[in-house]
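Q: Below is a structure I'd like to ask you about.
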Amino acid sequence: MNVLAIDTSVGVSVAILRSNDEVTQSQAIDHGMQGELTAELISKVVSDSGLKIEEITDVVVGVGPGPFTGLRVGLVTAAVFAHARSIPIHGICSLDAIAFDYAKPCVVVTDARRKELYWARYDGIRTGEPQVSKPEVIVAQFPDAKFVGPGAQLYPDSINGNLMELKAGSLAKLFVSGSAQLVSVSPMYLRKPDAVEPTIRKSVL
Amino acid sequence: MSEPLILGIETSCDETGIGIVRGTTLLADEVASSVDEHARFGGVVPEIASRAHLEAMVPTIERACSTANIKLADVDAIAVTSGPGLAGALLVGVAAAKSLAVALGKPIYGVNHLAAHVCVDQLEHGPLDEPSVAMLVSGGHSSLLLVPDITQDVIQLGQTIDDAAGEAFDKIARVLGLPFPGGPYIDQAAQTGNPNAIDFPRGLTSPKDMAKHRFDVSFSGLKTAVARWIETEQRAGNSIMVNDVAASFQEAIVDVLLRKAIDACLCNDVGTLVIGGGVAANSRLRTEAAQRCQEHNIALRIPRPGLCTDNGAMVAALGAELVKRGRDASQLSFATDSSMKITNVVA
Ligand SMILES: [Zn+2]
């Protein structure tokens, strides 16, 4: 099994996990560069891994939660890639990758902007659906929890935890371990579109 | 070499379009539209459009391949709209196209949506005359272009200085209580209306305006005039003849657009006018354009209405022309450009 893993819920992270357990990984933490970088990084990790494109057997994608625009890049990239190569695609909650790396009970937090965090609690496995909340609300709910993830130091007045990156390689390893909680391959938005203010039709022709 | 087989992806607004062409032959043109989801907001909601593009992408690619009876692996290159359009919507199409390019090991062309609207006519009427004058009229823009070479040399002669033509249709439809998008409903209402019932203003056609804005158009004055006319009538207790207002408003738009387009052909000594964009599906525009072009001995090319609105076939058509002429492909890291200038045909 040679797995391509893609996550764009926090910056861009892509990885190849080969059947010999070797991981080739590449990431860019810049927000908002998913559209430019994702395909290029895939091309790079595939060639760095020494595999040919046709040797990839599975695609694993982090389905969020994460900021919508960037998140969609990973989802559409993964879905189209799997379709074009006729290989299976598997969805995993992005936060699970961090909990897998931490390997102890924790609450994983990532930046949801608007002074909120995406979060989920882990106790061996994820104990519920991911949610989006204000940091003070999360900490009130889990006063003794260990907070980990890219959002763990964004609001130090309420949450001061371990800064950990979200790595696609961990998604791949989690998948291969057989203990992943697979979810449907569609984005975890957790927020409704802001659709109150109609924009003028900017179509085109 | 046989004609290039190109898959084109279009997601600049609310249509997810996948087209497949071989050279100038159309093999498939599949469109999934999210327009119904936007209707209740009276305009396209970018986040809703982007969500819909993501959901529709793989199924629409699948449908197009099956209609064209090809395998993805047979495709020679991928083309995709890189701008102009809604940023988040463009991004879904571009990411999909890049992923296809990597998965299949094929070159990718990020192309200008407006140039694609011009090039699509090749699928219907064969190779474009060079140079041509092109008029693109839609909900997003109204542009007059001089096109010496659609793959690398497009010159903007003029554009709207306020609303796009399609926008004006949408706004007047709203004033008249017609649904969104307004174009088709105004067209329909106008069928039984009198185009000369009300003399609405023709923007930027006075000698003073022509000095500065010879090939530009403006519709905000027209929009205000229609709204004011309706208000006055209502205040006077008269019932509004929706069909007459629609016909007269449509006549004003069509008249201005064609005056400018014909003038552009004559002034540049160009014998062919190409019209594209959603508003080019308007029946009055099509009839009147045919008549005026004939009067001035100008060859008129308008693709059938289905190819005037946004679709993937137009993107594929331009991709095929780029490949055929040996133009450079885009870098895999190219960015979307929501306000891409027409002078950039390829990203
Ligand atoms: Zn268009």
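The values are calculated or read from the model by the stated rules, or taken from the named source; none is laboratory data. Given the structure is predicted, the values throughout are model-derived calculations rather than measurements. Please note: Cβ atoms are built from the backbone with ideal geometry, for glycine as well, and neighbour counts cover all protein chains shown.
Q: Of the numbered conditions (1) in contact (Cβ under 8 Å) with a residue 24 or more places away in the chain; (2) within 21 Å of the chain's Cα centre (by Cα); (3) surrounded by fewer than 18 Cβ atoms within 10 Å (Cβ to Cβ), residue B:240 fails exactly one; give the number of that condition.
A: Among (1) in contact (Cβ under 8 Å) with a residue 24 or more places away in the chain; (2) within 21 Å of the chain's Cα centre (by Cα); (3) surrounded by fewer than 18 Cβ atoms within 10 Å (Cβ to Cβ), residue B:240 violates only (2).
Q: Mind checking which residues of the stretch B:147-169 are surrounded by fewer than 24 Cβ atoms within 10 Å (Cβ to Cβ) and in contact with a Phe, Trp or Tyr (Cβ under 6 Å, 6 or more places away or on another chain)?
A: Passing the criteria: B:157, B:158, B:163.
Q: Tally time: how many residues in the stretch B:139-183 are in contact (Cβ under 8 Å) with a residue 60 or more places away in the chain and under 25 Å from residue B:234 (Cα atoms)?
A: 12
Q: Filter the stretch B:319-333 down to residues that are within 14 Å of chain A (Cβ to nearest Cβ) and among the hydrophobic types (A, V, I, L, M, F, W, C), then give me how many there are.
A: 2
Q: Starting from the stretch B:1-24, keep only residues that are in contact (Cβ under 8 Å) with a residue 12 or more places away in the chain and part of a loop (DSSP other than H, G, I, E, B), then list their pairs with residues that are within 13 Å of the ligand (Cβ to nearest atom) and among the hydroxyl-bearing types (Ser, Thr, Tyr) whose Cβ atoms are within a distance under 6 Å, requiring at least 6 positions of separation or different chains.
A: Hits for this filter: B:12/B:81; B:13/A:203.
Q: Next up: Kindly check whether there is at least one residue in the stretch A:168-177 that is farther than 30 Å from residue B:172 by Cα, part of a loop (DSSP other than H, G, I, E, B), more than 16 Å from the ligand (Cβ to nearest atom) and within 20 Å of the chain's Cα centre (by Cα).
A: no
Q: Can you tell me how many residues in the stretch A:94-129 are in contact with an Asp or Glu (Cβ under 9 Å, 6 or more places away or on another chain), surrounded by fewer than 20 Cβ atoms within 10 Å (Cβ to Cβ) and assigned to a loop (DSSP other than H, G, I, E, B)?
A: 1
Q: Just one of A:71, A:41 is under 13 Å from the mean Cα position of the chain (by Cα), hydrophobic (A, V, I, L, M, F, W, C), in a helix (DSSP H, G or I) and more than 8 Å from chain B (Cβ to nearest Cβ); which is it?
A: Residue meeting the stated conditions: A:71.
Q: Applying the selection to the stretch A:1-38, what residues are assigned to a loop (DSSP other than H, G, I, E, B), closer than 25 Å to residue B:87 by Cα and not small (Gly, Ala, Ser)?
A: A:8, A:10, A:29, A:30, A:31, A:33, listed by residue number.
Q: So residue B:307 passes all but one of these: (1) in contact with a Lys or Arg (Cβ under 9 Å, 6 or more places away or on another chain); (2) within 14 Å of another protein chain (Cβ to nearest Cβ). Which condition number does it fail?
A: Checking residue B:307 against (1) in contact with a Lys or Arg (Cβ under 9 Å, 6 or more places away or on another chain); (2) within 14 Å of another protein chain (Cβ to nearest Cβ), the one that fails is (1).
Q: Can you tell me which of (1) more than 19 Å from residue B:278 (Cβ to Cβ); (2) modelled with pLDDT of 95 or more is the one residue B:53 doesn't meet?
A: All conditions are met except number (1).
Q: Could we say that residue A:87 is more than 30 Å from residue A:147 (Cβ to Cβ), among the aliphatic types (A, V, I, L, M), in contact with a helix residue (DSSP H, G or I) (Cβ under 6 Å, 6 or more places away or on another chain) and within 14 Å of another protein chain (Cβ to nearest Cβ) here?
A: No: the conditions fail for residue A:87.
Q: Follow-up. Whether any residue in the stretch B:85-98 is surrounded by fewer than 24 Cβ atoms within 10 Å (Cβ to Cβ) and either farther than 21 Å from residue A:74 by Cα or of a type in the set (A, V, I, L, M) (or both) is what I want to check.
A: yes
Q: Separate question: With the requirement that a residue be at the interface with chain B (Cβ under 8 Å from one of its Cβ atoms) and farther than 24 Å from residue A:149 by Cα, what does the stretch A:47-68 give you?
A: Within the stretch A:47-68, A:53 is the sole residue that qualifies.
Q: Let me ask something else. Tell me, please, whether a residue that is away from the ligand (no atom under 15 Å from the Cβ) and either basic (Lys, Arg) or facing another protein chain (nearest Cβ under 9 Å) (or both) can be found in the stretch B:16-33.
A: yes
Q: Continuing with the same structure: On the basis of being within 14 Å of chain A (Cβ to nearest Cβ) and not acidic (Asp, Glu), does residue B:254 make the cut?
A: no
Q: Considering only residues that are more than 8 Å from the chain's Cα centre (by Cα) and either among the polar types (S, T, N, Q) or crowded, with 24+ Cβ neighbours inside 10 Å (or both), which ones fall in the stretch A:52-68?
A: Of everything in the stretch A:52-68, those that are more than 8 Å from the chain's Cα centre (by Cα) and either among the polar types (S, T, N, Q) or crowded, with 24+ Cβ neighbours inside 10 Å (or both) turn out to be A:57, A:59, A:60.
Q: Select from the stretch B:63-116 the residues that are facing chain A (nearest Cβ under 9 Å) and of a type in the set (Gly, Ala, Ser) and list them in ascending order.
A: B:73, B:85, B:87, B:88, B:93, B:95, B:96, B:97, B:99, B:101, B:103, B:105, listed by residue number.
Q: When you scan the stretch B:225-313 for helices (runs of 4 or more DSSP H) that lie fully inside it, which ones turn up with 1 or more residues that are at pLDDT 95 or above and away from the ligand (no atom under 16 Å from the Cβ)?
A: The helices (runs of 4 or more DSSP H) meeting that bar are B:242-267, B:283-295.
Q: Shifting gears a bit: For residues that are within 17 Å of residue B:83 (Cα to Cα) and either more than 16 Å from the ligand (Cβ to nearest atom) or surrounded by fewer than 24 Cβ atoms within 10 Å (Cβ to Cβ) (or both), tally how many sit in the stretch B:320-339.
A: So the answer is 11.
Q: Which one of A:176, A:185, A:204 is modelled with pLDDT of 95 or more, within 14 Å of chain B (Cβ to nearest Cβ) and buried (at least 16 other Cβ atoms within 10 Å of the Cβ)?
A: A:185
Q: Tell me whether the stretch B:316-334 contains one or more residues that are under 15 Å from the mean Cα position of the chain (by Cα) and either in a loop (DSSP other than H, G, I, E, B) or on the phi > 0 side of the Ramachandran plot (or both).
A: No: zero hits.
Q: Could I ask something else about it? Within the stretch A:44-51, is there a residue that is assigned to a loop (DSSP other than H, G, I, E, B), crowded, with 23+ Cβ neighbours inside 10 Å and of a type in the set (Gly, Ala, Ser)?
A: no
Q: Filter the stretch B:123-146 for residues that are out of contact with any strand residue (DSSP E or B) (no Cβ under 9 Å at 6 or more places or on another chain) and closer than 24 Å to residue B:4 by Cβ; which is surrounded by the most Cβ atoms within 10 Å (Cβ to Cβ)?
A: B:127
Q: If we scan the stretch B:49-58, do we find a residue that is within 7 Å of another protein chain (Cβ to nearest Cβ), touching a helix residue (DSSP H, G or I) at 6+ places or on another chain (Cβ under 6 Å) and of a type in the set (Ser, Thr, Tyr)?
A: The answer is yes, given that some residue of the stretch B:49-58 is within 7 Å of another protein chain (Cβ to nearest Cβ), touching a helix residue (DSSP H, G or I) at 6+ places or on another chain (Cβ under 6 Å) and of a type in the set (Ser, Thr, Tyr).
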